[in-house]
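K.L.:
Can you keep this structure in mind? I'll have questions shortly.
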Amino acid sequence: MTRVGDVRYREIPVPSTLSDYGIGVELECGEHGDDAASFPSDPYRSPRLATGWIMILFSAQSRIDWAGRWRCVAFTRLPLHASENDGLAPRMYWDEMCDFLSDVNPDSVGGTVTVTQNTSFGSLPSETDAGCEMRVSWSPLGLPDGGLDAGAQVGMWARFIRSTVRFDEGLGSDSSD
């Protein structure tokens, strides 16, 4: 699998109740805030950090609800700039995400976009941070032999996550790879 520049990867377990086989990958892109510990981090504390994961699932028996044997399930927490914290943000992020989906059955894509706002009180510094969470699933188009290029699915999700991070001059590039 070709890795996307500026994205950190870590394998994660897939719950055995979801499918017969699967692989999960956690992704992080951007810079940590001053108080950041280690991967994974909270993107709401840094406007230049996005996190997420993708699971590629396989069922030995074709599933009607998947329209085949393969299904991808993904989640991401994205930074939301103050100027984008409005009613248009969910559609904007959904449309952007759909632009990154390739080798996907278009009728199988479904999910939710949630705009969140965290406000600190009490002994914490007074801050308001906004973010966006996306939960998405889709049926990828398989290869002619019935297999799947799982790396391409992970790469596609990584490129989308990376596209949402605003890099400062010198931190990284704004290109896809």
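K.L.:
Determine, from the Cβ-Cβ distance of Ser126 and Asp65 and an R0 of 45 Å, the FRET efficiency 1/(1 + (r/R0)^6), rounded to the nearest 0.05.
P.N.:
Numbers: r = 46 Å, r/R0 = 1.02.
After rounding to 0.05, the efficiency reads 0.45.
K.L.:
Here is a further query. Under a crude label model (7 Å from the Cα following the beta-carbon direction), how far is Thr17 from Thr119 in nanometres?
P.N.:
Taking the simple label geometry, Thr17 and Thr119 are separated by 3.6 nm.
K.L.:
Could the peptides 132-140, 112-120 be put in order, highest first, of the mean number of other beta-carbon atoms found within 10 Å of their residues?
P.N.:
Values: 132-140: 20.3, 112-120: 12.9.
Top to bottom by mean Cβ count within 10 Å: 132-140, 112-120.
K.L.:
Taking amide H positions as placed 1.01 Å from N in the peptide plane, with prolines and chain starts having none, which residues 5 or more places from Gly68, or on another chain, fall under 5 Å of its amide H?
P.N.:
Arg63
K.L.:
Also: From zero up to wherever the largest Cα-Cα distance of the stretch 68-125 sits, split into 5 Å bins and tell me the percent of pairs in each.
P.N.:
In order of increasing distance, the bins hold 4, 12, 25, 19, 14, 11, 7, 4, 3, 2, 0 percent.
Values in this text are rule-based calculations from the coordinates and carry no lab data. All values reported here derive from a predicted model rather than from experimental measurement. Cβ: placed from backbone, ideal geometry, glycine included. Neighbour counts: every protein chain shown.
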